[in-house]
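The values are calculated or read from the model by the stated rules, or taken from the named source; none is laboratory data. Keep in mind that this is a model prediction, so the values were computed, not measured. With ideal geometry, Cβ positions are generated from the backbone for all residues, glycine too; neighbour counts draw on all protein chains shown.
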Amino acid sequence: MSTKKVKIEAPKIPDGLKPLAVSEVEWPDEHAISDCVMQDCSITNQSAYKACFDRVVFNNVVFRGTSLRKAEFTDVRFENCDLSNIEMSEMILHRVAFHNCKLLGMDITGSTLRNVRFGQCYADYAVLRFSNFKGVSFEKCSLAKADMSNMTLANLYFTETNLDQAQLSQTKLRGIDLSDCQFDGLGVTLEDVRGCIISPAQAVVFAVKLGFVVNNGE
């Protein structure tokens with residue numbers, strides 16, 4: 001069984017963006033940052049509410065003790081960044097790309113993502129619950145033990161992604177293709193997985209999880 005894949009729009013970032021030094025970074029509430037590149041720096045103990053980022057590239061940036069609740073990111077790219085344990089709940093992402101980023105424990109509870117691509121990212125223990133994803137892909141990522149419960153999904157794609165022990169309860173997976181994912185177990189119910197696409201080997205995992213006794217013919 002296969003589904004037609006919807007194209008995910010890439011960030012629209014112009015050439016020749018100006019560099020922005022970390023010493024110039026101050027993010028008061030509802031502050032806007034646009035048309036710049038931040039690279040090779042550490043952003044520590046920043047807190048901003050409803051900040052806006054447009055046409056920004058973050059390259060090799062480490063975020064520590066940072067909170068960006070209800071931030072908006074449009075046409076933004078994160079490359080080789082560390083956003084572990086960052087608090088970004090209720091944010092809005094549109095045409096955003098994360099490549100080779102560390103997202104361990106990142107909290108994006110209640111966020112809205114449109115046209116977002118995660119490539120080779122480590123997002124174990126990430127908190128994505130109550131978020132709305134449409135046009136989002138995870139490519140060669142790890143989401144082991146991530147909290148993805150109570151999410152609304154459309155056009156979500158996984159490629160060679162680790163979902164082991166991820167919590168997906170109350171998230172409807174109908175039409176979502178999990179057949180290319182790796183996991184020994186998922187936090188799901190029968191109603192959650194109804195209509196999702198899985199491999200024959202994964203069918204055994206789901207059967208055991210849901211309480212069926214699998215007869216292997218021996």
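Count, please, the residues in the range 125-139 that happen to be more than 16 Å from Leu104 (Cβ to Cβ) and out of contact with any Lys or Arg (no Cβ under 8 Å at 6 or more places or on another chain). Spell out the reasoning first.
Here is the first cut: in the range 125-139, the ones more than 16 Å from Leu104 (Cβ to Cβ) are 129-137, 139.
Then drop every residue that is not out of contact with any Lys or Arg (no Cβ under 8 Å at 6 or more places or on another chain), which leaves 129-133.
Matching residues across the range 125-139 total 5.
How about the range 140-182: which of its residues are charged (D, E, K, R) and under 19 Å from Thr109 (Cβ atoms)?
Residues of the range 140-182 charged (D, E, K, R): 140, 145, 147, 160, 164, 172, 174, 177, 180.
Those that are charged (D, E, K, R) and under 19 Å from Thr109 (Cβ atoms): Lys145, Asp147, Lys172.
Rundown of residues vs (1) modelled with pLDDT of 95 or more; (2) farther than 20 Å from His31 by Cβ, yes/no style:
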position	(1), (2)
Val57	yes, no
Thr66	no, no
Ala97	yes, yes
Gly110	yes, yes
Phe138	yes, yes
Ser142	yes, yes
Leu163	yes, yes
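Considering each residue of the range 114-155, count those that are in a strand (DSSP E or B), touching a Gly at 6+ places or on another chain (Cβ under 8 Å), surrounded by 20 or more Cβ atoms within 10 Å (Cβ to Cβ) and among the aliphatic types (A, V, I, L, M), and give that number.
Within the range 114-155, residues that are in a strand (DSSP E or B), touching a Gly at 6+ places or on another chain (Cβ under 8 Å), surrounded by 20 or more Cβ atoms within 10 Å (Cβ to Cβ) and among the aliphatic types (A, V, I, L, M) number 2.
Can you tell me which residues in the range 181-201 are within 19 Å of Thr159 (Cβ to Cβ), outside any loop (DSSP other than H, G, I, E, B) and small (Gly, Ala, Ser)?
Correct list: Ala201 only.
Give the range 162-177 a look and list any residue that's more than 18 Å from Tyr122 (Cβ to Cβ) and either in a strand (DSSP E or B) or basic (Lys, Arg) (or both), or say none. Working first, answer last.
Kept after step one, since they are more than 18 Å from Tyr122 (Cβ to Cβ), are these residues of the range 162-177: 168-177.
Across the range 162-177, the qualifying residues are Lys172, Arg174, Asp177.
Rundown of residues vs (1) within 13 Å of the chain's Cα centre (by Cα); (2) free of Cβ contacts under 8 Å to residues at least 60 places away in the same chain; (3) under 19 Å from Leu113 (Cβ atoms), yes/no style:
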residue: Leu156; (1), (2), (3): yes, yes, yes
residue: Ile176; (1), (2), (3): no, yes, yes
residue: Ser179; (1), (2), (3): no, yes, no
residue: Val188; (1), (2), (3): no, yes, no
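Can you list the strands (runs of 3 or more DSSP E) lying wholly within the range 1-103 that have 3 or more residues being within 22 Å of Ala146 (Cα to Cα), more than 15 Å from the chain's Cα centre (by Cα) and without any contact (Cβ under 8 Å) to a residue 24 or more places away in the chain? Spell out the reasoning first.
On the way: elements: 32-44, 52-64, 72-79, 92-99.
In the range 1-103, 52-64 are the strands (runs of 3 or more DSSP E) which contain 3 or more residues that are within 22 Å of Ala146 (Cα to Cα), more than 15 Å from the chain's Cα centre (by Cα) and without any contact (Cβ under 8 Å) to a residue 24 or more places away in the chain.
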